[in-house]
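The values are calculated or read from the model by the stated rules, or taken from the named source; none is laboratory data. For clarity, every value in this text was computed on a predicted model and none was experimentally measured. FYI the Cβ positions are ideal-geometry reconstructions off the backbone, even for glycines, and counts take in every protein chain you see. The protein model used for the area step is the full one, side chains on, heavy atoms only, and it has no ligands, DNA or RNA in it. Shrake-Rupley method; radii C 1.70, N 1.55, O 1.52, S 1.80 Å.
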Amino acid sequence: MSALDAILQRHPVWRGGSVARSTAVLPSGFTALEAELPGGGWPRQALTEVLHDGCGIGELGLILPALAALTTAGKRAVWIAPPQVPYAPALAASGVDLVNLLIVRPQNRYYALWAAEQALRSGTCHALVAWLPKVRYAELQRLAVAAEGGHAAAFVFRPVAAAAESSPACLRLALEPAGLELGVHILKRRGAPLAARLYLPLKRPFHVLGRAAPSRARRGDAPAARRLGLPVHA
């Protein structure tokens, strides 16, 4: 046995040609997806980018099982700048404990980034979901560092066009609708890329955001959301 082989056997060294295994993860709830994700789940203490066009294709259904498991265990999840009003009955039907879900609706992009970073650094946010259609590499890098320091799983939703841009995220997925399934293309992971798409069955309901986009004057929407049982900071 060579000295290099001995080092690789004794230490958790990740080689780029293979999928990393020794990483802290959050179960996704999808067996086929977990078979392809490093460690077998969503990366904790790291940034995941979810790229998709259009709302309601099942993008939230992809992460709801993980959020449901966290919140029912008493862990806090934070949503930053959802594009539409979250529909509390559908979230509850998906298993999410609304007591442990906080919705933050910042007035602009600057406050959205600030709120996301502060939530990740707080140490009390175990999962962050942020809608950031226009975000720079350096800003994503700050979120990735904050997620690592705060021991949180961070998910950022962006348009598919962002796939052409560099990203510090350790995991990048591109989604496409496929009937009652969701097409998932793993663009980047800690390991060799996955050429073939995955098709994941979605459990209804997966439309957990309202159909009407809120107006720019968002403060008036907060009381209505609270009546549905959602903690909202606007």
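Looking across segment 132-146, the residues that are open to solvent by 40 Å² or more (accessible area, probe 1.4 Å) and modelled with pLDDT of 95 or more come down to Arg136, Tyr137, Ala138, Gln141, Arg142, Val145.
For segment 134-174, a residue qualifies if it is of a type outside the set (A, V, I, L, M, F, W, C) and in contact with a strand residue (DSSP E or B) (Cβ under 8 Å, 6 or more places away or on another chain), and the qualifying residues are Glu148, Arg158, Pro159, Ser167, Pro168, Arg172. Going by the conditions given, is Ile103 within 19 Å of Pro27 (Cα to Cα), under 15 Å from the mean Cα position of the chain (by Cα) and among the aliphatic types (A, V, I, L, M)? Against the criterion (within 19 Å of Pro27 (Cα to Cα), under 15 Å from the mean Cα position of the chain (by Cα) and among the aliphatic types (A, V, I, L, M)), Ile103 does not qualify. Checked against (1) open to solvent by 10 Å² or more (accessible area, probe 1.4 Å); (2) at pLDDT 95 or above, Gly191 passes all but condition (2). Per the listing Val129, Val96, Val78, the residue uniquely assigned to a loop (DSSP other than H, G, I, E, B), among the β-branched types (Val, Ile, Thr), at pLDDT 95 or above and within 17 Å of the chain's Cα centre (by Cα) is Val96. Of all residues in segment 82-93, those satisfying the criterion of being in a loop (DSSP other than H, G, I, E, B) and either open to solvent by 20 Å² or more (accessible area, probe 1.4 Å) or over 26 Å from Asp53 (Cβ atoms) (or both) are Pro83, Gln84, Val85, Tyr87. Checking each residue in segment 147-167 for being in a loop (DSSP other than H, G, I, E, B) and open to solvent by 50 Å² or more (accessible area, probe 1.4 Å) picks out His151, Glu165, Ser166. Exactly one residue out of Arg172, Arg204 is closer than 24 Å to Cys55 by Cα, basic (Lys, Arg) and either surrounded by fewer than 16 Cβ atoms within 10 Å (Cβ to Cβ) or at pLDDT below 95 (or both), and it is Arg204.
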